[in-house]
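To keep things clear, I will list the structure first and then write my remarks on it.
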Amino acid sequence: MAFFIQMREERLNPVRVIYTRRIGAYGKENAVLMQRWKEWLREHGLFGSDSVILAIAMDDPSITEASQCRYDVCMVAGESVKVSGNEVYSRELSGGNYVVFLIEHTSQAVERAWSESFGYLGQMGYTLDLTRPVMERYAKRLVDWHLCELCVPVKERE
C-alpha cells in the first residue's frame, strides 16, 4: 500500500512567511511548537478557514547534531503583517518545483511519508533538490478532513 493518497507536481512561487523556530532534536516538541504557533496566530487574528501552516525541518539529522536541528513553523503573510517581539520573524521562501504527496494527518503517516518519499521520487524519475527544504503543508481545509501534504522540492526535469 502506498504511503500517500495522491501525488502531483506543483510549482510554488516565492513567498514571504512569518515563522517561529525551535532548535533541538526533532520529535514531540515540534508538535508543542505547532500548538503554540496556532495559538499565537489566533491571538493575532491570523488563523482562519483559509489558513495554511508550513512546518519545515531545516536540517538533516543524519549530518546535523540533534541539539542543533532547526524546526520552523510558518504561515504565508503579506507585507501588511508586521512581526514584533523576539520569537516571530519573517523571511522569503524560494519557489520552485515540488512533488506534493497528500497524506493522512497522523504522526505515523507523516513519519512514513518522510521515510519513503525520497526513494519513491527516484523510482518516478525525479531528482531531489537539496537547495530547498522539504515542507509539511497544513491547509486548514485539508486538516479538517484529517489530511495534510508533504511538499518535496525537485529539480527541473529535462
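Quick look at the numbers
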item	result
Candidate values (i) 63, 42, 31; (ii) 61, 29, 26; (iii) 45, 35, 30, label of the one derived for Cα extents along the principal axes in Å	(iii)
Nearest 10 degrees, 0 to 90: helix 107-123 Cα axis against the chain principal axis	40
Whole-Hz couplings from phi, Karplus 6.51/-1.76/1.60, listed for segment 59-73; x for Gly and Pro	10, 8, x, 7, 10, 10, 4, 3, 5, 10, 5, 9, 10, 10, 10
Degrees between helix 28-43 axis and first principal axis of the chain (Cα, 0 to 90, nearest 10)	50
Virtual spin-label span in nm between I5 and K82, 7 Å along Cα→Cβ	4.0
Solvent-accessible surface (1.4 angstrom probe) belonging to W37, in square angstrom, nearest 10	0
Filtered GluC sites (Glu not before Pro), segment 27-128: DSSP coil and at most 15 other beta carbons within 10 Å	E65, E79, E87
Check: the chain dipole with +1 on Lys, Arg Cβ and -1 on Asp, Glu Cβ, in debye	300
Difference of contour (0.36 nm per residue) and Cα-Cα distance, E65 to R21	14.2 nm
Longest DSSP-loop-exposure-free segment, trypsin sites (Lys or Arg not before Pro), the chain, at most 11 other Cβ within 10 Å	1-81
Solvent exposure of the chain as accessible area per residue, Å², 1.4 Å probe	59
Residue-by-residue Karplus 3J(HN,Hα) for segment 74-80, coefficients 6.51, -1.76, 1.60, Hz, glycine and proline x	10, 9, 4, 9, x, 4, 6
Residue pairs, from the table K38/K155; K28/K155; K38/K82, whose Cα atoms sit over 28 Å apart	K38/K155; K28/K155
Lys/Arg +1, Asp/Glu -1 at C-beta; the chain dipole; positive extreme among M7, H44, A109	H44
Carbon plus sulfur fraction of accessible area for segment 26-140, probe 1.4 Å, in percent	52
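The values are calculated or read from the model by the stated rules, or taken from the named source; none is laboratory data. Quick caveat, the model's predicted, so the values are computed rather than measured. As a convention, Cβ positions derive from the backbone with ideal geometry for all residues, glycine included, and neighbour counts pool all protein chains shown. Each accessible area value is taken on the protein alone, full model and side chains, heavy atoms only, with ligands, DNA and RNA left out. Shrake-Rupley method; radii C 1.70, N 1.55, O 1.52, S 1.80 Å.
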